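S.K.: This is the structure, below, for whatever I ask next.
The values are calculated or read from the model by the stated rules, or taken from the named source; none is laboratory data. Bear in mind that the values here come from a model prediction, so they are computed numbers and not experimental data. Cβ placement follows ideal geometry from the backbone for every residue including glycine, while neighbour counts extend to all protein chains displayed. Each accessible area value is taken on the protein alone, full model and side chains, heavy atoms only, with ligands, DNA and RNA left out. Shrake-Rupley method; radii C 1.70, N 1.55, O 1.52, S 1.80 Å.
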Amino acid sequence: METKLQVSKNVTMNKPDEKRQGMKVRTVVTGHDAKGRAVFVRDEQVDGTPMPGLGELAFLWNADEPATYPNAGNNPAAPGIFPPVGGIRYIIGTYLPGVIAPEPTPEMHLEDGDEPGGANDGFHTTDTTDFGVLLSGNMALELDDGAEVLLSPGDVLIENGTRHRWRVVGDVPATLASFIIGARRR
């Protein structure tokens, strides 16, 4: 069977002059057949999932432990946004303008005032290393001492388990691709 692949596609469908209709991310996955040869196992559109306080996330690959090869290329589909030590998440998110204040989860560490509606709404810490590439829009990352950096499309951020919060700058959504690795906090 021959699979024809296109070299590129828009991954977010969010244009500043259009209303959001929902994120769709084309995802092409390789794996191994029964003889151990490389094959394309999936070429599909992954729909975004609305997330209160965030925007919309497309969960592209969720594993709670390291991969072993050869494998069939099936997404382990582990639950949750934040992985345990050694686990990974690959997510593309489209975030709405303003402060991004996710609903707290058990994996998020909050300090006094970090809770929804608190003075530091949106601040949190996770036991993860997050590698992000801003695809569109502008985002600011604020640290707990008030230091802030503005990210523009193409900028890369490596967030090392620090207390932080995000804010979309401007009046259009921002899209961020994130690869998250579970880490151990001492």
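S.K.: Once you put a point 7 Å from the Cα of ALA67 and another 7 Å from the Cα of PHE179, both along the Cβ direction, what distance in nm separates them?
M.R.: 1.0 nm
S.K.: Connecting C-alpha atoms closer than 10 Å in a GNM of the chain, tell me which of PRO102, PRO70, PRO50 has the biggest fluctuation.
M.R.: PRO70
S.K.: What's the carbon and sulfur percent of the chain's accessible surface, probe 1.4 angstrom, rounded to a whole number?
M.R.: On the way: 5830 of 10890 Å².
Carbon and sulfur: 53 percent of the exposed surface of the chain.
S.K.: If you rank PHE179, PHE82 by how much accessible surface each has, with a 1.4 Å probe, what is the order from largest down? Let's see the in-between values first.
M.R.: Numbers: PHE179 70, PHE82 35 Å².
Greatest to least solvent exposure: PHE179, PHE82.
S.K.: Quick one, can you get me the convex hull of the C-alpha atoms of the chain expressed as volume per residue in Å³?
M.R.: Numbers: hull volume 24.1 nm³, N = 186.
Cα convex hull per residue, to the nearest whole number: 130 Å³.
S.K.: So for ARG42, ARG89, ARG163, what's the accessible-area order with a 1.4 Å probe, most first?
M.R.: On the way: ARG42 55, ARG89 0, ARG163 30 Å².
Highest to lowest solvent-accessible surface, that is ARG42, ARG163, ARG89.
S.K.: While we're looking at this one, here's another question. With every protein chain present, what accessible area does HIS109 have (1.4 Å probe, heavy atoms only), rounded to the nearest 10 Å²?
M.R.: So the heavy atoms of HIS109 present about 80 Å² to solvent.
S.K.: Shifting gears a bit: Given a Förster radius of 30 Å and the C-beta distance between ASN75 and LEU143 as r, what FRET efficiency does 1/(1 + (r/R0)^6) yield to the nearest 0.05?
M.R.: Details: r = 33 Å, r/R0 = 1.09.
It comes to 0.35.
S.K.: Hey, another quick one. Mind checking the per residue accessible area of the chain for me, 1.4 Å probe, whole number of Å²? Walk me through the numbers on the way to the answer.
M.R.: Numbers: 10890 Å² over 186 residues.
Per-residue value: 59 Å².
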